[in-house]
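Colleague: Sharing a structure here in structure tokens format.
The values are calculated or read from the model by the stated rules, or taken from the named source; none is laboratory data. As the structure is a computational prediction, the values presented were derived from the model and not from experiment. Reconstructed Cβ throughout: ideal geometry from the backbone, glycine too, with neighbour counts over all protein chains shown.
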Ligand code: SF4
Ligand code: SF4
């Protein structure tokens with residue numbers, strides 16, 4: 001899922017303090033699961049903004065609402081009236097949701113309440129790690145199901161590098177070396193031959209280095225009437 005965390009409240013105050021009518025909209029998907037922009041966090045953010053305004057002597061009216069998913073057109077249509085009535089919308093969705101809100105309700109001012117960080121998973125209560133960099137050409141089949149793009153600091157396709165020490169990454173002692181983990185996993189699968197097989201340089205055109213990417217599925221398109 002997409003992992004995010006709330007922006008510092010002072011930044012959100014700065015982004016909104018010129019406005020009197022605020023709408024804070026949470027998202028019921030990934031950011032609810034990672035406790036960043038769900039109903040509880042959105043209510044708490046609205047209360048924080050209200051408190052800050054009262055402290056500064058600013059009169060504000062803050063509405064709170066939720067969308068099942070802010071990243072899909074049909075799930076944000078129902079917010080139209082509240083968005084219309086607001087001077088500024090604070091979206092606590094991921095960056096995709098914020099952008100869709102800004103586009104759907106343009107030119108309404110929509111500001112992000114979160115910092116969207118990565119695609120990852122929880123490893124313990126309150127701890128999330130990045131596990132996929134969305135490279136567009138998955139190599140997990142060759143690496144024991146462990147991503148060398150997101151989990152190796154150098155995104156190496158042939159590892160480990162010379163810096164791996166006791167299973168830890170050269171960049172920090174508290175980060176596991178992805179290639180050490182790949183070795184252990186492939187060994188357990190009796191497929192260690194895969195680690196000695198030299199992988200050619202990755203074609204990064206499927207990753208985001210070539211600009212905004214797009215997936216087109218002609219089979220899903222609805223033909224336009226002639
Ligand atoms: S190889 Fe690419 S697509 Fe597969 S998990 Fe890693 S970053 Fe994601
Ligand atoms: S120590 Fe391991 S994870 Fe860190 S950069 Fe080297 S190969 Fe990658």
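Colleague: Considering every residue within the range 99-111, establish whether at least one is within 14 Å of ligand 2 (Cβ to nearest atom), touching a strand residue (DSSP E or B) at 6+ places or on another chain (Cβ under 9 Å) and not in a loop (DSSP other than H, G, I, E, B).
Modeller: The answer is no, given that none of the residues of the range 99-111 is within 14 Å of ligand 2 (Cβ to nearest atom), touching a strand residue (DSSP E or B) at 6+ places or on another chain (Cβ under 9 Å) and not in a loop (DSSP other than H, G, I, E, B).
Colleague: Now, a different point. Starting from residues that are within 16 Å of ligand 2 (Cβ to nearest atom) and farther than 15 Å from residue 3 by Cβ, keep the ones in the range 120-139 and report whichever is nearest to the chain's Cα centre (by Cα).
Modeller: 135
Colleague: Residues in the range 164-218 that are more than 23 Å from residue 128 (Cα to Cα), within 16 Å of ligand 1 (Cβ to nearest atom) and not in a loop (DSSP other than H, G, I, E, B): how many?
Modeller: 8
Colleague: Quick one: would you say residue 160 is out of contact with any strand residue (DSSP E or B) (no Cβ under 8 Å at 6 or more places or on another chain), more than 10 Å from ligand 1 (Cβ to nearest atom), in a loop (DSSP other than H, G, I, E, B) and without any contact (Cβ under 8 Å) to a residue 40 or more places away in the chain?
Modeller: Considered against the rule, which asks whether it is out of contact with any strand residue (DSSP E or B) (no Cβ under 8 Å at 6 or more places or on another chain), more than 10 Å from ligand 1 (Cβ to nearest atom), in a loop (DSSP other than H, G, I, E, B) and without any contact (Cβ under 8 Å) to a residue 40 or more places away in the chain, residue 160 comes out as yes.
Colleague: May I ask you to list the residues in the range 74-100 that are within 25 Å of residue 119 (Cβ to Cβ) and exposed (fewer than 15 other Cβ atoms within 10 Å of the Cβ)?
Modeller: Correct list: 74 only.
Colleague: Sort out for me the helices (runs of 4 or more DSSP H) sitting completely within the range 20-94 that have 3 or more residues that are assigned by TED's automatic domain parsing to the domain that holds residue 10 and under 22 Å from the mean Cα position of the chain (by Cα).
Modeller: Once the helices (runs of 4 or more DSSP H) in the range 20-94 are filtered for at least 3 residues that are assigned by TED's automatic domain parsing to the domain that holds residue 10 and under 22 Å from the mean Cα position of the chain (by Cα), what remains is 30-33, 39-56, 73-76.
Colleague: Go through the range 165-183 residue by residue and tally those that are more than 13 Å from residue 153 (Cα to Cα), more than 8 Å from ligand 2 (Cβ to nearest atom) and either under 26 Å from the mean Cα position of the chain (by Cα) or surrounded by fewer than 16 Cβ atoms within 10 Å (Cβ to Cβ) (or both).
Modeller: Of the residues in that region, 4 qualify.
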